[in-house]
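Report on the following structure.
The values are calculated or read from the model by the stated rules, or taken from the named source; none is laboratory data. None of these values were measured; they are calculated from a predicted model. Note: ideal-geometry Cβ built from the backbone for every residue, glycine included; neighbour counts use all protein chains shown. Please note that ligands, DNA and RNA were not included when accessible areas were found on the heavy atoms of the full protein model with its side chains. Shrake-Rupley method; radii C 1.70, N 1.55, O 1.52, S 1.80 Å.
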Amino acid sequence: MQATFNLALRRKDKEIAYIKSRTDLDKLRSDVFAEITLAKEDMMNIRSGISDALEILRDEFGRFMSQTEVLLSTLGKEVRESRAAVTYHKAAVDLPRAMCELIQPMIYSEFAVGVHPTWNCVEQQNSDPLWTHMLHTHGADAAHDLRTDIQRAQQLLLYLQRHISQSHAMPHVNRPTTGATLHKLASLIIISQNCSNDLSVKIRETVEMDRYHSEQMARYSFRLKGVTFYQQVLTLRARNALLKGGINPDATPLPVRHRVSRIGEKAASLRNLRQAVTKARLENARRLWRLWQESGVDIWQGTAVRPLRDPLLAHQSLQRHITQNGSLILGILAPNLTFSVANLKSKGGGGY
């Protein structure tokens, strides 16, 4: 019993000491301050950890954004290059097709009176329809990339247009012309429904007279070439003979000078005859044109007549168009304008 009592007393003392320790303000204050200090340290550790984590995340996000920006710029560049390549390919494929569409209708009679059945009015009225078509269809960038090919195609089209226009030999109202154009006008008037018998007889006489004058001109031209060649050969042989004899031909009259003079007079008379035949032939053409105007025959059958463009005039108009429309077209075409106007002039490109 005594042992049990002592155990209970010790337990009571412990409970009292525990209650005292728990109710002591200084002890409680120190414990609270210790807990607060530990909590502050833990909070500072957590805050520094979070700051380090956010710094690392910010650096990683910045690197990711820079890599994404580089990737997007590269992707955009590739997309632009791909689009440019696709546009260039489409324009390169369309260039031969556009040339075919422009050249093929030239063989028909609609083009002979200035009407192109395939190309629209804007492209027809422009002096460089191929360039206008490529610019409107594929844009300035594709046209700039194909500027060399377009310029070469333009030169080819100018020469083809001149050749085809000459082959059509379509008459102009205010421009009397001999040869194939006169025969074309005569045939168009005769097959017209408004052509009378008297008019057809006069037209046949005009055509026969043109053929007669043409034969005369060919005969005089052939004789003139023979006489001129004979004069040159005679003069050359006389000079060579004087040189072999040790005589200066420039200081001594030629022994055959009278004969050469007579040949020259004959050549001059042949030139005068050919000139007279040329005037008579042109007057005969004017007579046919007067008959056409007086008869009032509509050889175009109601089609709006628009004169064909001369290649030389078209090229000059193209140069004016380049000058008037700023630096874009000038930078595209001017470095590659290899088309020689002097060549056309030397080949007689001043008109049809």
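Tell me, what is the FRET efficiency for residue 52 and residue 25 to the nearest 0.05, using R0 = 35 angstrom and their Cβ-Cβ distance as r?
Numbers: r = 40 Å, r/R0 = 1.15.
Given R0 = 35 Å and the Cβ-Cβ separation, E is 0.30.
Net charge near residue 259, counting Lys/Arg +1 and Asp/Glu -1 over other residues with Cβ under 12 Å of its Cβ?
Working: positive: 237, 257, 262, 266; negative: 265.
Summing Lys and Arg as +1 and Asp and Glu as -1 gives +3.
Given a 1.4 Å probe, how much area per residue of region 1-92 is accessible, in Å²?
Details: 8360 Å² over 92 residues.
Accessible area per residue, region 1-92: 91 Å².
Give the relative contact order (percent, whole number) for region 192-269; include only Cα pairs under 8 Å separated by 6+ residues. Write out the running numbers ahead of the final one.
Numbers: 23 pairs, mean separation 24.8, N = 78.
Dividing the mean separation by the residue count of region 192-269 yields 32 percent.
If the reach is capped at under 19 angstrom between alpha carbons, list the aspartates and glutamates near residue 77, excluding any in the same chain fewer than eight residues apart.
Cross-link targets: 69, 141, 145.
Which peptide among 142-154, 218-230, 56-68, 278-290 comes first, and what is the full order, when sorted by highest mean count of other Cβ atoms within 10 Å? If you can, show how the numbers build up before the last one.
Values: 142-154: 19.2, 218-230: 14.4, 56-68: 10.0, 278-290: 16.8.
Listed from highest to lowest mean packing, they are 142-154, 278-290, 218-230, 56-68.
Between region 1-36 and region 237-260, what is the C-alpha centre distance in whole Å?
159
Order of 44-54, 91-101 by packing, highest average Cβ count within 10 Å first? Intermediate values should be presented prior to the final figure.
On the way: 44-54: 10.0, 91-101: 15.4.
Averaged packing, sorted descending, gives the order 91-101, 44-54.
Compute the FRET efficiency between residue 39 and residue 78 as 1/(1 + (r/R0)^6), taking r as their Cβ-Cβ distance and R0 = 41 Å, and round to the nearest 0.05. Before the final figure, lay out each step's value.
Working: r = 57 Å, r/R0 = 1.38.
The formula returns an efficiency of 0.10 here.
Sequence neighbours fewer than 8 away in the same chain don't count; with that in mind, list the lysines whose C-alpha is under 29 Å from residue 20.
Result set, ordered by chain and number: 12, 40.
Quick check: pseudo-label points 7 Å beyond the Cα along Cα→Cβ at residue 90 and residue 241, how many nm apart are they?
8.0
Can you give me the C-alpha center-to-center distance between region 90-104 and region 183-213, rounded to a whole angstrom?
Value for the Cα centre distance between the two parts: 41 Å.
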